[in-house]
Amino acid sequence: MKLILAATAAMMAVLIGSGAAATDTRTLAQFILVCNSSPRSCHTNLTDYLRAAKDQGFICLPEDLSLDEAADQELGWLRRDGGADDALNQGTAEDAQWVAINKLWPCKKQE
């Protein structure tokens with residue numbers, strides 16, 4: 001499972017084309033520290049990640065939820081739930097982002 005998440009995170013980093021390299025190994029705890037000191041950069045990173053995940057069909061955001069609002073919700077989840085989970089908090093930020101977006105906005109399976 002961890003390998004799948006890491007591979008997906010690497011792919012997402014490439015897809016978003018942001019300043020984050022696919023080999024970025026920041027922990028969630030380190031990412032949150034960056035978010036606290038540089039909120040605009042953090043928000044941009046989260047928005048780019050969400051846009052790529054949405055465009056590729058990995059998540060299903062509600063139509064009435066903007067990417068800015070979704071980034072705020074994701075950051076809240078990462079701080080609250082990710083920070084409370086030692087494995088997520090000490091794991092890579094990309095893995096934590098992937099968990100967050102899939103918890104918050106999974107696509108419903110067609111029956």
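The values are calculated or read from the model by the stated rules, or taken from the named source; none is laboratory data. These numbers come from a predicted model, not from an experiment. Here the Cβ is made from the backbone with ideal geometry for all residues, glycine too, and neighbour counts use every protein chain on show.
A few comments on the model shown:
- Residue in region 79-99 that is small (G, A, S), in a loop (DSSP other than H, G, I, E, B) and touching a residue at least 60 places away in the same chain (Cβ under 8 Å) present: yes
- Some residue of region 81-91 being within 14 Å of L46 (Cα to Cα) and surrounded by 20 or more Cβ atoms within 10 Å (Cβ to Cβ): no
- Reported count of residues in region 31-53, each being of a type in the set (K, R) and either surrounded by 19 or more Cβ atoms within 10 Å (Cβ to Cβ) or free of Cβ contacts under 8 Å to residues at least 12 places away in the same chain (or both), is 1.
- Residues in region 64-78 that are of a type outside the set (A, V, I, L, M, F, W, C) and part of a helix (DSSP H, G or I): D68, E69, D72, Q73, E74, G76.
- In region 15-38, the qualifying residues are those that are out of contact with any helix residue (DSSP H, G or I) (no Cβ under 9 Å at 6 or more places or on another chain) and either part of a helix (DSSP H, G or I) or at pLDDT below 90 (or both), and the one that is nearest to D85 (Cα to Cα) is L33.
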